[in-house]
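The values are calculated or read from the model by the stated rules, or taken from the named source; none is laboratory data. Please read these numbers as outputs of a predicted model, since none were measured by experiment. Every residue, glycine among them, receives a Cβ derived from its backbone with ideal geometry; neighbour counts consider all protein chains shown.
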């Protein structure tokens, strides 16, 4: 074999080997990153759930005692995850990821927790694109407005009260922003309506895994 051909084959072999090694490194890096991201997301979710329903109130696994449901009251046509909190097998609360579709800058994602007696354990905003300094007052880091829902229930206030004060309701709007809180109030009220109509079903079974249901 001539030296030039041998050198070309050797160079090609080295390039191929480097390509294989590079692909393996990239694959391992991606897998490690993917697992870290997934774990961080899991921890963030658990933290959010425990903010609304403290761990001393339940003794089951919120991340496995779940249902996947579709309903117009959730603000989306996609399945929504509903987490069930129990203590000694008895219902404590449900937490659902619902969407307020009519935000000023787009959909607003909420985590809504309702106690077994139908009263709100609390609400948190998990994602939004509202205007900084105005609509972002729905974030707990920006103001305590979102805390005003805890303890309320369907009928408390009456249906007409589930609106911002500018619309004749009981809930404050944000300074300079009405559309954003209006959307949040409506989404919370819709979920309370769903909870009232489906209370027994929401707590049915020891665990429903990831079963998808349609209403």
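Report whether or not residue 70 is in the same structural domain as residue 186 (by TED's automatic domain parsing), farther than 21 Å from residue 117 by Cβ and part of a strand (DSSP E or B). Outline the logic, then answer.
Working: in the same structural domain as residue 186 (by TED's automatic domain parsing): yes; farther than 21 Å from residue 117 by Cβ: yes; part of a strand (DSSP E or B): yes.
When the stated conditions are applied, residue 70 passes them.
Residue 105 falls short on exactly one of the conditions (1) modelled with pLDDT of 95 or more; (2) outside any strand (DSSP E or B); (3) out of contact with any strand residue (DSSP E or B) (no Cβ under 6 Å at 6 or more places or on another chain), and that condition is (1).
Considering only the range 81-88, I want to know if a residue exists there that is assigned to a loop (DSSP other than H, G, I, E, B) and over 16 Å from the mean Cα position of the chain (by Cα). Within the range 81-88, one or more residues are assigned to a loop (DSSP other than H, G, I, E, B) and over 16 Å from the mean Cα position of the chain (by Cα). Within the range 82-97, being at pLDDT 95 or above and in contact with a strand residue (DSSP E or B) (Cβ under 9 Å, 6 or more places away or on another chain) holds for 82, 83, 84, 85, 86, 91, 92, 93, 94, 95, 96.
Kindly indicate whether residue 133 is over 20 Å from the mean Cα position of the chain (by Cα), assigned to a loop (DSSP other than H, G, I, E, B), modelled with pLDDT under 95 and more than 16 Å from residue 112 (Cβ to Cβ). Before the answer, list the steps.
Values: over 20 Å from the mean Cα position of the chain (by Cα): yes; assigned to a loop (DSSP other than H, G, I, E, B): yes; modelled with pLDDT under 95: yes; more than 16 Å from residue 112 (Cβ to Cβ): yes.
So residue 133 fits the description; yes.
Quick check: anything in the range 193-208 buried (at least 20 other Cβ atoms within 10 Å of the Cβ) and either under 15 Å from residue 102 (Cα atoms) or at pLDDT below 90 (or both)? Yes, the conditions are met somewhere in the range 193-208. Of all residues in the range 48-67, those satisfying the criterion of being surrounded by 13 or more Cβ atoms within 10 Å (Cβ to Cβ) and not in a loop (DSSP other than H, G, I, E, B) are 48, 49, 50, 51, 52, 57, 66, 67. Residues in the range 136-153 that are surrounded by 14 or more Cβ atoms within 10 Å (Cβ to Cβ) and outside any loop (DSSP other than H, G, I, E, B): 136, 137, 138, 145, 146, 148, 149, 153. Out of 33, 76, which single residue is loosely packed, with under 11 Cβ neighbours inside 10 Å and either modelled with pLDDT of 95 or more or farther than 22 Å from residue 117 by Cα (or both)? Answer to the check: 33. When each of 103, 155 is tested for being touching a residue at least 24 places away in the same chain (Cβ under 8 Å), more than 27 Å from residue 65 (Cα to Cα) and assigned by TED's automatic domain parsing to the domain that holds residue 203, the lone residue that passes is 103.
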